[in-house]
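This report concerns only the one structure given below.
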C-alpha cells in the first residue's frame, strides 16, 4: 500500500524549480532520527510526497515528488568539509540515510501554509502542529488529496 509524505526543503538550498530542472536528486541532509527512520523503515519506491518550501516567505507546498530509491547512506555525513558532516557516524555503521526523489509535478497554484491552516479538511495534518520540525513526515491520504486539489494538481493519489 502506498504511503504519502511531506518533505521540506529550503528553496534557497533546493527548490521545486531545481527539481524540475534536475528531474531527480538525493534527499540529503536529514539529521533527525525519526525522519531517518521514516525513510529507512516505511518509505517505498513509488511513494508520493508533497514538496514543501520551508524557511520561505511564505512557506508552503510547491509540488509533488516521487520516492525513487530505497534509503541508503548519506555521503555528506562522512565529508569533513560538508556542513552536514557527522564525526560520530562510521562508514561501516552509517547513522544518516537519504532517498532519491524525482519530480512528478510543480503545482499550478502554490499552497501557502496559511491556506493549509485555514482549511478545515486538513485538521490534524502533522505539518500544521506547533513545533513540528521534521523534514520528512507522513501525510494521511485524505490530506494529501486535499492539498493536491488546493494546488490544482493533475496528479492523483493512488
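Annotations
- For region 89-158 versus region 1-57, the spacing of their alpha-carbon centroids is 8 Å.
- Pairs of Cα atoms nearer than 8 Å and 6+ residues apart set the relative contact order; for the chain it is 30 percent.
- Degrees separating the helix 141-151 axis from the principal Cα axis of the chain, which is the longest one: 70 degrees
- Rounded to 5, percent antiparallel among DSSP beta bridges of region 4-151: 80 percent
- Distant alpha-carbon pairs in region 1-111 (separation over 24 angstrom), percent: 24 percent
- Packing order of peptides 140-150, 33-43, 116-126, highest average first: 140-150, 33-43, 116-126 (average count of other Cβ atoms within 10 Å over each peptide's residues).
- Cα-projected label distance for residue 109 with residue 80, points at 7 Å along beta-carbon direction, nm: 5.3 nm
- Extension reserve of the residue 22-residue 44 stretch, reckoned as 0.36 nm per residue once the Cα distance is removed: 5.8 nm
Each value in this text was obtained by applying a stated rule to the coordinates, not by laboratory testing. Please read these numbers as outputs of a predicted model, since none were measured by experiment. Glycine gets a Cβ as well: all are built from the backbone with ideal geometry, and neighbour counts include every protein chain shown.
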